[in-house]
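Below you'll find the structure, written out as structure tokens, and then a few comments.
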Amino acid sequence: MSRIGKQPVALPSGVSASVSGQTIEVKGPKGTQSFTATDDVTLAVNDNTVTVTPRGTSKRARQQWGMSRTIVANLVHGVSDSFKKELEIQGVGYRAQVQGKVLKLNLGYSHDVDFQIPDGITIVCPKPTEIVVEGHDKQVVGEVAANIRDWRRPEPYKGKGIRYKGEYIFQKEGKKK
């Protein structure tokens with residue numbers, strides 16, 4: 001039995017959901033998102049809650065039950081609040097700034113890195129060494145943050161690079177004479 005799947009997803013005020021077949025569409029103040037579930041689960045909207053129930057006892061139906069419920073919960077959270085990933089830049093001369101729809105990164109290369117900001121994502125740099133990625137789709141926010149981080153991953157000797165806020169980088173000991 002899925003412990004996650006049993007819990008209904010509560011719809012906060014200002015958020016509405018509609019089900020047509022296997023597709024659920026969630027509307028809120030931050031936008032509209034939809035998800036098409038597999039045939040192994042049934043989606044239902046009742047009194048400001050969304051419930052997901054399996055259509056059998058097979059292993060696949062039980063797997064889809066919990067996953068579908070989590071995806072629906074992420075849709076509801078995304079259209080009511082935003083998902084956010086925070087990145088820190090460590091290193092002398094490393095900095096970032098937003099110019100229109102482009103994130104300019106100075107990461108020690110011979111050239112600046114111009115990262116095009118995708119639609120539905122907002123990137124803010126409160127400080128030159130901080131990047132905040134926000135959006136209503138959890139998967140896209142995580143993917144954009146990972147793509148930015150890939151330009152200069154933290155290295156294990158000095159810790160220079162782009163890291164998630166609060167991420168611990170294991171420091172290696174340097175060469176001894």
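Summing Cβ point charges (Lys, Arg +1; Asp, Glu -1) relative to the Cα centre of the chain gives a dipole of roughly 920 debye. For the range 83-164, the alpha-carbon radius of gyration amounts to 1.02 times the rule-of-thumb value 2.2 N^0.38 Å expected for a compact globular protein. Neighbours of R55 by Cβ distance under 10 Å: Lys/Arg scored +1, Asp/Glu scored -1, total -2.
Kirkwood hydrodynamic radius computed over the range 1-101 comes to 15.3 Å, based on all pairs of distinct alpha carbons.
Cα centroid separation, the range 91-161 to the range 6-20: 33 Å. Across the chain, Cα-Cα pairs farther apart than 20 Å form 61% of the total.
Helix-only arithmetic for the chain: the sum of -39500 (n - 2.57) across DSSP H runs with n ≥ 4, divided by the residue total, places the mean residue ellipticity at 222 nm at -7000 deg cm²/dmol. Can you find, among Y168, P118, I4, the residue farthest towards the positive end of the dipole of the chain? Put +1 on the C-beta of Lys and Arg, -1 on that of Asp and Glu. The listed residue farthest towards the positive side: Y168. Ordering S18, L103, W151 by the projection of their Cα atoms onto the charge dipole of the chain, which places +1 on the Cβ of Lys and Arg and -1 on the Cβ of Asp and Glu, puts W151 at the extreme positive end.
Taken together, the values in this text are just the output of simple stated rules run on the coordinates, not laboratory data. Small disclaimer: the values here were computed from a predicted structure and weren't measured. Virtual Cβ from ideal backbone geometry, glycine too; neighbours counted across all protein chains shown.
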